[in-house]
Structures are given as structure tokens and as C-alpha cells.
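Heads up: the structure comes next, in C-alpha cells.
The values are calculated or read from the model by the stated rules, or taken from the named source; none is laboratory data. Just so we're clear, the structure is a prediction, and the values are computed from it rather than from any experiment. Don't worry about glycine lacking a Cβ; one is built from the backbone with ideal geometry, like all the others, and counts go over all protein chains shown. Each accessible area value is taken on the protein alone, full model and side chains, heavy atoms only, with ligands, DNA and RNA left out. Shrake-Rupley method; radii C 1.70, N 1.55, O 1.52, S 1.80 Å.
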Amino acid sequence: LICSIFLLSGCTLDYKISVDKNNIVSESVSIVELKTKLRTYKLDVDQYAKDSLNIFKGDEKYYSYSLSTDSDYNNYYGLASRTYLDLENFKNNSIIVSEMFNEVIVNNSNGVITFEMNPKDDFEYFFEDSQISALIDEVNIKIYVPYEVISSNKDKVEDNVYIWNIKKDEELQKIYITYDTNKKIKEPIPKNILIISGMVLFVLGLVLSIY
């Protein structure tokens, strides 16, 4: 599983599915590990991240994914991404989903889409006992669609992104979301555009007040 890229305990897995207005699906995965934790293993963390990535790049089942690593001051990231023609193509071809979920269901009823993912009985990367710590502490599953959502069992919503948060002491849960492709949502105006617009209006106001 790509989420074991660092093969150490305590990682956080962020998994996101985005559907655009042409129904193209983007899949992205981010595995986050603290640098301080990596250093407790007395590793050359830069080389370790590079070697771990090369293992996955050499696995033919991940050839269709774009794989990379990144870092900031505190963390290392294992990253994977892939695009699909539509949800059916995603359902039939996503390696990462097949490693976490037994079944993916896509139902289209006159443009109302129900998307459901049913988890495996045992998610091995949550397993731990008195001698072994879980490789994954937390999984955040995120779904974005540019349409009106009718129902879902999400934990929360942020900027039209539906989020499910699952801790290692919990079982993976069924994920479902139903949305209406006949009703597009209004995209929020980016903050930088609002700032620029505000500055332009301010300057125009100053000019007009002078004249």
C-alpha cells in the first residue's frame, strides 16, 4: 500500500477525490510523517525518503501514478496522484481505493450520483499490539464535487470539501455521498482576487475624491 511509503509508525494519510465539471476525477494521496520521528530511527531522512519512494516507483502496479516526496520544516510527505475519465473509470482502476475498500458503488439516476465506498473488514495499517505500533494513526478522506450535495455521512465540510476523519482505534467506515449534477454550486471567489479588487476600488475611490 502506498500509504506505507515510510514503513514507520504514526503516519497520517490524507486521501482526496476531486470531481470537476467535466466529471474527470483527480485522486491524490499525502502521507505525512514528522521529521523528528524519522530521526529517532537514526536515519539519513533525505536518503531514506528517496529510497522508499524508489521502491514504489519500481512496483508496476503504481506505474500509472505520479509519485514524489516533499518536505517542510517539520514534516516529510509521500505524495501520489492520478486522474481518471470519470467515476466508473476511477472505480475500476484505482489501486489505492482497492487497497482500503472492498467495494465501490456508483449509481446515476437522472444526473443524481450516489458514490459509495465500503471498507475492508480489516485495515492492516491500523493494527497494533503491545509490541507493534500502527503504521497509520489517522486517515482523512476528502471528496470534492462542484455540485449540490443532497446527502452524505461526512464528519465535516470545509470549503465544499466533504471530510471523513478516522482514527487508528476506529474501524474504517462506509463512505457515501449523493449529489445532483443538474445543480452546480457557485465557486468561491479566491481571496487574492478579492484583495486585488478591493485595492482597485480603493484607488479608484481616491482618484474620484481628488477630482
Review point. When you scan region 72-86, how many residues do you find that are more than 17 Å from Leu13 (Cβ to Cβ) and in a strand (DSSP E or B)?
Key: 2
**Study point:** Asn107 among the polar types (S, T, N, Q), surrounded by fewer than 15 Cβ atoms within 10 Å (Cβ to Cβ), modelled with pLDDT of 90 or more and in a loop (DSSP other than H, G, I, E, B)
**Key:** no
Check your understanding: Which ones in region 173-206 are of a type in the set (A, V, I, L, M) and at pLDDT below 75?
Key -> Ile189, Ile193, Leu194, Ile195, Ile196, Met199, Val200, Leu201, Val203, Leu204, Leu206
Exercise for review: Among the residues of region 49-98, count how many are farther than 20 Å from Lys16 by Cα, among the charged types (D, E, K, R), open to solvent by 80 Å² or more (accessible area, probe 1.4 Å) and at pLDDT 80 or above.
Suggested key: 1
